[in-house]
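Following: one structure in structure tokens, then a few remarks.
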Amino acid sequence: MDNIILWIMAIAMVLGALDRMFGSRLGLGKQFEEGILAIGALSLSMLGILTLAPVLARLLRPVLVPVYGFLGADPAMFAGSILANDMGGAPLAMELLRDLEKDTVSFSLNFDDTLKEPDMLPGRFPNLLVNGASGIAVGLATNIPTHNLGESIDAVIAVLDDPNISLDALMQILPAPDFPTGGQLLATEEIRKAYETGRGRLLLRAKVHVEDLPSGKKNLVVTELPYQVNKSALLEKILKLSEEKKGILSAISDIRDESDRTGMRAVIELKRDADAEKVLRHLYRVSDLQVTFGVNMVAIADGKPMQLSLLELIRRYIAHQKNVVARRTKYDLDQAKAREHILEGLMIAVDNLDAVIALIRAAKNPKEAREGLMEKFALTQAQAQAILDMRLQRLTGLEILALRKEYAEVQRTVARLEGILHSEKKLLRVIREELSDIRDRYADPRRTELVQEESLPAQEEREEVPADPCYVLRTRLGYLKRLPPKFYAKKEESEDAPEEVLSLKTDDKLLFFTSLGFCYTICADQIPECRMKDRGIAPAGLLAGLEKEERVLRVLPRDLACETLLFVTRAGLVKRTAREEYGARKGRAAALNLKAGDELIAVLPEEAERTLLLVTKKAMALRTEIAQIPVQGRAAGGVKGIVPEPGDETAFALLVPEAGELLLLSDRGYAKRCLLVDYEVQRRGGKGVRTFAFNKNGANGSALVCALPVTDPRRLLATQADRTETVLTTEEILIEGKAGRGKPYLAALMDNVVVSARLLEEET
């Protein structure tokens, strides 16, 4: 800002001077005098504000922090921003860059070949372990938890001292992750499993204590949250649950956020006769006061992604540090030897001072003098040039003494550096000393409390509140209902027929897969209980973060029996992912990585002895073996299943048996059945074969609206644009070949086209 002000003042002065030179012909003389005074006053004001800004920030902090929190942000962010400004940067972060200029790591050209960038950072402390990592790529994902700096460095030093240290011994030093938000971490075997295999599930809880009030009431006070849990969203969800006035949470009378600059304090006020421990246990179960952190320690090692255990991660970090320190030592050694070489030349000059002076005085030019020195005293060009560049004051007695002292010091440095390069023991000692120095300067106490399972509030919530059987319905219009068995058995009529029906228990977890490629995990008892004739709840009122254009495609139990799930997108991409990859986290998570403009159209639990049949809107079909689709990670984007023609898109994805029929219905009401045996199994990634011949004039339709596998006679309900519904039986639709044009079964005149069709439930 001060540079901008100076430039404005300079421009104004130049314009004013030019005006005076031309006899005020430009008319800027008076304006210049007035303007320079105004600019001067403004400049002094701005410089004063810039100078006083840190002081004002500190004085107003008690007022601004609560306001910052009221606006929905974490007050700690404000305090942290002021601290960062006061410090002028993060010194610990600079340790990741230390010695970067000493050829410690390799460099490569950047994206446009204009600059060079390091392939990796020197990383003078194990940053991957300390700060963790989270991200996704094509077919890969990583989620490494954060750890305490001091504990992490002690663990590295322990492996340095004993390369064959056991995992149990290492966990005495580094017992568990340490998250910046604090909270509690349940000490289970999952921690050891995560460190041993690189995969595991950690149970995190908020730090909550019960506060007794003089009135006899009790408050639940939340002082620390699990990692990555948003305080505002958490309190909003608890408030919403309490407002339903159902069950245990009806005991909540008020929720307040009393956080300030001293720290976090969220108060859940309970009614007089409420059981605080029981309410807390229920909140742990239905809210983000308790979350699961899925550990997936994937990192780039030897140029490729690898799943690493804790010991393997530390050993690879040590190998990296050995390379960094060795390259730095080699760099420093080269610099020291170069200086030693120059000093040797200067010592020769000092020892032969008179001859050197005479030679230089006799020379016609510097080149002749340099060559003469090289020839007479057997010097190199660099040494001779250093003698010529030496100032006369270096010839005083004290300077000559300092020169000899520097030469001796450089010789000791060279010997020390050569010793490090030729001794792995000395090299490891350097690494150990530098790590210890960083630990002593920057280490802080552990924030996340590691607690034993029995010390947490009772885990027997499911026993106190027994799970009841229920039915979860997703209707054709997208609404969700939960029905007790007695209501479902009545088979009441409803305008919005069920699209999916799941038989569950109230404590079962459900996976909601949406068109934008996300997976939402909730408990069945979070869906409001209804009758069949009730409308139900919209997904947006139940799934936090659901976007306006996002639709629920499939609802599945988390503990589904199948091993893998199949995903199909509108662009024809397919993916198989292990079912256990989903449901590890509460709330929203990526189900797959969709490309721009693409959309998820189907989620299918894998079935034995079934093949995948993909059908496009323009009636191209491809049948392929499920085994041809590779199993990928949760956040992978998938591989090519079918390649639609331009203007076409994948519309249907079906798991079909070897025998049976495929029912096809066009938007003009033309339908046919084809034998599944006519669809040969192909390799994925092709364009498929024609399965419905459309007339050029569009008389029999221009797009398919239904493709269903049929093995037994069923009733088909077709819906047209004006909401007219027609019931057909599959038996009355004739069987034709793949090249058949179908027969008219519905009168779809003008714009009253067929928009959808579905099989009706069999009457029992």
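The values are calculated or read from the model by the stated rules, or taken from the named source; none is laboratory data. This is a predicted model, so every value here is computed, not measured. A quick note on method: Cβ atoms are made from the backbone with ideal geometry, for glycine too, and the neighbour counts reach across all protein chains shown.
If we scan region 152-173, do we find a residue that is farther than 30 Å from Val279 by Cα and in contact with a strand residue (DSSP E or B) (Cβ under 8 Å, 6 or more places away or on another chain)?
Checked region 152-173: no residue is farther than 30 Å from Val279 by Cα and in contact with a strand residue (DSSP E or B) (Cβ under 8 Å, 6 or more places away or on another chain).
For region 123-160, how many residues meet the condition of being touching a residue at least 24 places away in the same chain (Cβ under 8 Å) and assigned to a helix (DSSP H, G or I)?
14
Matching residues to (1) closer than 30 Å to Val159 by Cβ; (2) assigned to a helix (DSSP H, G or I); (3) out of contact with any Ser or Thr (no Cβ under 9 Å at 6 or more places or on another chain):
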site	(1), (2), (3)
His320	yes, yes, yes
Ala336	no, yes, no
Ile342	no, yes, yes
Ile348	no, yes, yes
Ile357	no, yes, yes
Ile360	no, yes, yes
Met374	no, yes, no
Ala386	no, yes, yes
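Considering only residues that are closer than 25 Å to Val291 by Cα and basic (Lys, Arg), which ones fall in region 502-551?
Answer for region 502-551, where residues must be closer than 25 Å to Val291 by Cα and basic (Lys, Arg): Lys505, Lys509.
State all residues of region 425-449 that are of a type in the set (Asp, Glu), over 30 Å from Met264 (Cα atoms) and in contact (Cβ under 8 Å) with a residue 40 or more places away in the chain; if no residue qualifies, say none.
Glu434
Being touching a Phe, Trp or Tyr at 6+ places or on another chain (Cβ under 9 Å) and among the basic types (Lys, Arg) is the filter here, so list the residues in region 95-113 that pass it.
Lys102
Could you check region 682-704 and list, in sequence order, the residues that are more than 38 Å from the chain's Cα centre (by Cα) and assigned to a strand (DSSP E or B)?
Result: Val689, Arg690, Leu704.
For the condition basic (Lys, Arg), assigned to a strand (DSSP E or B) and surrounded by fewer than 20 Cβ atoms within 10 Å (Cβ to Cβ), what is the one hit in Arg535, Arg531, Arg588, Arg576?
Arg588
Output the residues belonging to region 388-398 that are farther than 20 Å from Arg339 by Cβ and not in a helix (DSSP H, G or I).
Across region 388-398, the qualifying residue is only Thr396.
Can you find a residue that is surrounded by fewer than 19 Cβ atoms within 10 Å (Cβ to Cβ) and closer than 10 Å to Leu664 by Cα anywhere in region 709-720?
Yes - at least one qualifying residue is present in region 709-720.
Could you please tell me which pairs satisfy a Cβ distance under 7 Å, a separation of 6+ or placement on different chains, a first residue in region 527-540 that is at pLDDT 80 or above, and a second residue that is aliphatic (A, V, I, L, M) and part of a loop (DSSP other than H, G, I, E, B)?
Correct list of pairs: Ile527/Leu542; Ile537/Ile527; Pro539/Leu546; Ala540/Leu546.
Right, Asp257: surrounded by 13 or more Cβ atoms within 10 Å (Cβ to Cβ) and of a type outside the set (A, V, I, L, M) or not?
Spelling it out, Asp257 is indeed surrounded by 13 or more Cβ atoms within 10 Å (Cβ to Cβ) and of a type outside the set (A, V, I, L, M).
Residue check, Glu607 against (1) surrounded by 21 or more Cβ atoms within 10 Å (Cβ to Cβ); (2) in contact with a Cys (Cβ under 8 Å, 6 or more places away or on another chain), all met but one. Which one?
Against the list (1) surrounded by 21 or more Cβ atoms within 10 Å (Cβ to Cβ); (2) in contact with a Cys (Cβ under 8 Å, 6 or more places away or on another chain), Glu607 comes up short only on (1).
Given the residues Leu311, Leu401, Leu379, which is the only one that is more than 27 Å from the chain's Cα centre (by Cα) and not in a loop (DSSP other than H, G, I, E, B)?
That would be Leu401, the only listed residue that is more than 27 Å from the chain's Cα centre (by Cα) and not in a loop (DSSP other than H, G, I, E, B).
Ser250 is checked against (1) out of contact with any strand residue (DSSP E or B) (no Cβ under 6 Å at 6 or more places or on another chain); (2) part of a strand (DSSP E or B); (3) in the same structural domain as Glu224 (by TED's automatic domain parsing) and fails just one. What number does that condition carry?
Among (1) out of contact with any strand residue (DSSP E or B) (no Cβ under 6 Å at 6 or more places or on another chain); (2) part of a strand (DSSP E or B); (3) in the same structural domain as Glu224 (by TED's automatic domain parsing), the lone unmet condition for Ser250 is (2).
Under the condition of being β-branched (Val, Ile, Thr) and out of contact with any Leu (no Cβ under 6 Å at 6 or more places or on another chain), which residue from region 411-441 is nearest to Lys322 (Cα to Cα)?
Looking at residues that are β-branched (Val, Ile, Thr) and out of contact with any Leu (no Cβ under 6 Å at 6 or more places or on another chain), I get Ile431.
For the structure I just gave you, tell me whether Leu560 is in contact (Cβ under 8 Å) with a residue 24 or more places away in the chain, farther than 22 Å from Arg476 by Cβ, surrounded by fewer than 20 Cβ atoms within 10 Å (Cβ to Cβ) and not polar (S, T, N, Q).
yes
Every residue in region 212-223 that is without any contact (Cβ under 8 Å) to a residue 60 or more places away in the chain and either surrounded by 14 or more Cβ atoms within 10 Å (Cβ to Cβ) or assigned to a loop (DSSP other than H, G, I, E, B) (or both), please.
Result: Leu213, Pro214, Ser215, Gly216, Lys217, Lys218, Asn219, Val221, Thr223.
Just to be sure, is Asp468 modelled with pLDDT under 90 and either more than 30 Å from Pro498 (Cβ to Cβ) or surrounded by 13 or more Cβ atoms within 10 Å (Cβ to Cβ) (or both)?
Yes.
Residue by residue through region 174-211, note down the ones that are part of a strand (DSSP E or B), under 30 Å from Arg315 (Cα atoms) and touching a Leu at 6+ places or on another chain (Cβ under 9 Å).
Once the filter is applied, which keeps residues that are part of a strand (DSSP E or B), under 30 Å from Arg315 (Cα atoms) and touching a Leu at 6+ places or on another chain (Cβ under 9 Å), region 174-211 yields Gln184, Leu185, Leu186, Ala187, Leu202, Leu203, Leu204.
Restricting to region 596-617, count the residues that are outside any strand (DSSP E or B) and touching a Leu at 6+ places or on another chain (Cβ under 8 Å).
Result for region 596-617: 6.
Can you tell me which residue in region 264-287 is surrounded by the most Cβ atoms within 10 Å (Cβ to Cβ), limited to those that are of a type in the set (Asp, Glu) and out of contact with any Pro (no Cβ under 7 Å at 6 or more places or on another chain)?
Glu269
Give me the pairs: first residue in region 235-248 and over 16 Å from Leu543 (Cα atoms) and surrounded by 14 or more Cβ atoms within 10 Å (Cβ to Cβ), second residue of a type outside the set (A, V, I, L, M, F, W, C) and modelled with pLDDT under 85, beta-carbon distance under 8 Å, and six or more apart or on different chains, which are they?
From region 235-248, the pairs are Ser242/Ser250.
So which residues in region 141-165 are of a type in the set (S, T, N, Q) and either at pLDDT 95 or above or under 28 Å from the mean Cα position of the chain (by Cα) (or both)?
Thr142, Asn143, Thr146, Asn148, Ser152
Scanning region 739-755 for residues that are touching a Leu at 6+ places or on another chain (Cβ under 9 Å) and not hydrophobic (A, V, I, L, M, F, W, C), which turns out surrounded by the fewest Cβ atoms within 10 Å (Cβ to Cβ)?
Checked region 739-755; the qualifying residue surrounded by the fewest Cβ atoms within 10 Å (Cβ to Cβ) is Lys743.
Give the residue, chosen from Ala707, Ala718, that is part of a strand (DSSP E or B) and touching a Cys at 6+ places or on another chain (Cβ under 8 Å).
Just a single option satisfies the conditions, and that option is Ala718.
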